[in-house]
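Remarks on the structure that follows.
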Amino acid sequence: MDAFSMGLVAAMGALATVAGASEDIESDVGSQSNPNSQVQLAAQVGNPHRIYNKAISGEPPANALWCATAAMVAYTLITAFQMPALMALVAGASVAALFNGVFSMSAYFGRNSSQARFNQWVYLDIVRYTTPSIMAHAWITSFCIATISYIMVYMLPTPHPFPMPIIALIWGLAVGAIGSSVGDIHYGGEREFQNRQFGCGLNTMLSGQIVRKAEAGLRNSIDNAWFCTKFGGPATGMGFGLTVFLDNWRTTVFDPVTQASYAILMGVFFIIVEVAYNFYIERSARRKYGAYPEYKGDIAA
Amino acid sequence: MNFDAYTIVYILEILVGGLLVGIGVHFVPVGGAPAAMAQAAGIGTGTVQLAAGSGLTGLLAAGLMMSVTDNIWIILASGAVGAGIMIGSTMLTGSWIYAYAVGAPFASAKVNYDPITGFSQPPYVAPGTVGQGIPTICFVSGLIGGMMGGLGGAMIYYPLYLINGNAALSAMFAIGIFLVNAVIASWNIQGTIEGFHDPKFKKWPFAFRACAIASILLALASVLITGGA
């Protein structure tokens, strides 16, 4: 281990944190993934809304597509056209963002026009000022992940044997899985349903009754992004940053050739710390919030 | 190519890897869309997506290890630990959101007492939901599942790399075989599962048989490809 490679691992962790945060905000501005089931349902239960609706696919395959596209374009420009790496990565991310814009707009038009019978409109102003915001976040995500892949393949002391696009595909799948497991809960569990009692999950009876009014006027997806940036996005960034940083830290500090078993033991140690931390959160949440007052003795689960 | 004893060993390794992925998916506590609304216990995403996210992170770790050593135990352990770190970080940061943003205590509606911590569950299940958050039993089950996925991915990658010596080709095949087995297992789960304490977990023999057939077919196809790309 030397100072340069440690700095690279730190840079990868920072890039991953930014990528995770922007991935989650992208899915919140566009309303993708699991919470979008409620946005989709809202019009059908009589609540037409002005929230963007683009469930292109699950977040992991969608982000795998953006990141692999960015890395593939960058890899081609670097190897075949000898372009400087930074410019190639910027160009790759721009192509990925264009792909994202096309998919987002077709998803919005398709989904909302198919709900015309439920009185759901296609709002052109929403398309005009929300789509660029979605594309911008997709640009940040794919740029960061393509850069991480570039560092892993060309700059780390133990270069990764996989080519850049495959590494970007795998990290894109991982960032999508983390964004949809972490940040989406803040959007789906809290922001969409601020009209119900705080401190519990969504009662099944309230499905589709999403909040449609904002602090001023009608709520749109930019308002949702403003809210989710406060916690859901950064938490997703922490999740992905921890994954990339801890996974690469242990193979950089301990040489994989001579100290492989130390690297594995260090990974096991990280996992045990995570179990303990989760247990601490569980115990403190139970102690502070207490049982639900509606509980009336043991019921069949 | 020569069809010899080594080829049979390679096929068996891919088969075991595929089965590990298929069974590992049953351990991962996925609540699907309901969990994203804190309506069900577990992680708020789909089965395949989370299993693929963690298992393929393990594949990255295993691929790096395989480029510097040919000791199979170190490669497999590296894959399992890489996947474990990813799924552990995901569940941990997910717990932050459940505890500090949704403000709900963690509870499972599938058991009355957490088998590991002994905490009572029904009083902490919010009305109109089937639990929320990631209790310790789900966390441990998820770690086992994620690590089995990483182990399986590494076990598929190892023989493929020995056959064709091309990291990119082997990785793409490993991703494909991984996803086939994860999808078969998620059909068996039908949406949501909380982990090995969930009654649905008892259905794993069905997935075991289906994954065995699929893995054998995929293994036969993939060992024949010895180069190219």
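The numbers here are math on the coordinates, done by the rules we state, and not lab data. Since we're looking at a predicted model, the values are computed, not measured. No Cβ is skipped: glycine too gets one built from the backbone with ideal geometry, and neighbour counts run over all protein chains shown.
Some points to look at:
- Shielding value for B:58-65 is 6, the average number of Cβ atoms from other chains within 10 Å of each residue's Cβ.
- Considering only beta bridges that DSSP places wholly inside the protein assembly as shown, some 60 percent are antiparallel.
- Dividing the Cα radius of gyration of chain A by its Kirkwood radius returns 1.03 for Rg/Rh.
- Sequence of B:HIS26, B:HIS197, A:HIS160 once ranked by neighbouring C-beta atoms within 10 Å, starting from the fewest: B:HIS197, A:HIS160, B:HIS26
- At the listed q of 0.14, 0.21 Å⁻¹, the Debye profile of the stretch B:137-214, built from one uniform point per Cα, gives log10 I(q)/I(0) equal to -0.53, -0.99.
- Seen against the Cα atoms of chain B and their longest principal axis, helix B:72-96 is set at about 20 degrees.
- Plainly put, the stretch A:161-229 has a radius of gyration that is 1.16 times its Kirkwood radius, both from alpha-carbon atoms, as the Rg/Rh ratio.
- Taken over chain B, the convex hull of the Cα atoms encloses 113 Å³ per residue.
- Value of relative contact order over the stretch B:5-223, rounded to a whole percent, pairs C-alpha under 8 Å and six or more apart: 36
- Cα pair distances of the stretch B:28-79 binned at 5 Å [whole percent]: 5, 22, 18, 13, 11, 11, 10, 6, 3, 0
- Taking Cα atoms only, the orientation of helix B:167-189 departs from the longest principal axis of chain B by about 40 degrees.
- Against the main long axis of the alpha-carbon atoms of chain B, helix B:204-223 sits at an angle near 30°.
- For chain A, the relative contact order is 31 percent, taking Cα pairs closer than 8 Å that sit 6 or more residues apart in sequence and dividing their mean separation by the residue count.
- Euclidean distance of C-alpha centroids, the stretch A:162-223 and the stretch B:152-193, integer Å: 29
- Which of B:TYR6, B:TYR161 has the fewest Cβ neighbours within 10 Å, and the rest in rising order: B:TYR6, B:TYR161
- Rg and Dmax of the stretch A:72-129, based on Cα coordinates, read 17.6, 54 Å.
- Within the stretch A:1-140, the proportion of Cα pairs with more than 24 Å between them is 40 percent.
- Average beta-carbon neighbours from other chains, 10 Å sphere, peptide A:12-20: 0
- Averaged over the residues of A:282-295, the number of partner chain Cβ atoms lying within 10 Å of the residue Cβ comes to 6.
- nm² value of the averaged projected area, convex hull over the Cα atoms of the protein assembly as shown: 24.3
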